1. What is the residue count in segment 35-47 for residues that are closer than 12 Å to K59 by Cα and under 14 Å from the mean Cα position of the chain (by Cα)?
2. Output yes when any residue across segment 23-38 is on the phi < 0 side of the Ramachandran plot, in a strand (DSSP E or B) and either among the β-branched types (V, I, T) or loosely packed, with under 10 Cβ neighbours inside 10 Å (or both), and no when none is.
3. So, D36, is that one at pLDDT 90 or above and not small (G, A, S) or not?
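The values are calculated or read from the model by the stated rules, or taken from the named source; none is laboratory data. Just so it is clear, the model here is predicted, and its values are computed rather than measured. Note: ideal-geometry Cβ built from the backbone for every residue, glycine included; neighbour counts use all protein chains shown.
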Amino acid sequence: MRFIFVAFMAIIGAALAADKPPPAPVIPAGHPCKADGSAGNCASGFCLQLVQDKEGVCK
């Protein structure tokens with residue numbers, strides 16, 4: 001009975017761990033980015049994108 005419980009918990013844990021999406025790519029400084037993070041995240045965490053521009057630059 002104990003073995004079945006442990007096996008069940010292991011299966012549930014594996015299913016929850018596999019359900020996470022992969023992390024967004026990290027963009028180095030000076031490369032193009034999008035402020036909403038759809039193209040990935042800047043290594044510094046800051047993307048300079050002006051309102052009229054389609055993409056910005058990682059700082």
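1. Step one: list which residues in segment 35-47 are closer than 12 Å to K59 by Cα, which gives 35, 41-47.
Remaining after also requiring under 14 Å from the mean Cα position of the chain (by Cα): 41-43, 45.
Total satisfying the criteria: 4.
2. Filtering segment 23-38 for residues on the phi < 0 side of the Ramachandran plot gives 23-29, 31-36, 38.
From the residues that got through so far, the ones that are in a strand (DSSP E or B) too are 26-27, 32-33.
So of that shortlist, the ones also either among the β-branched types (V, I, T) or loosely packed, with under 10 Cβ neighbours inside 10 Å (or both) come out as 26-27.
Within segment 23-38, one or more residues are on the phi < 0 side of the Ramachandran plot, in a strand (DSSP E or B) and either among the β-branched types (V, I, T) or loosely packed, with under 10 Cβ neighbours inside 10 Å (or both).
3. Values: at pLDDT 90 or above: yes; not small (G, A, S): yes.
So D36 passes the test.
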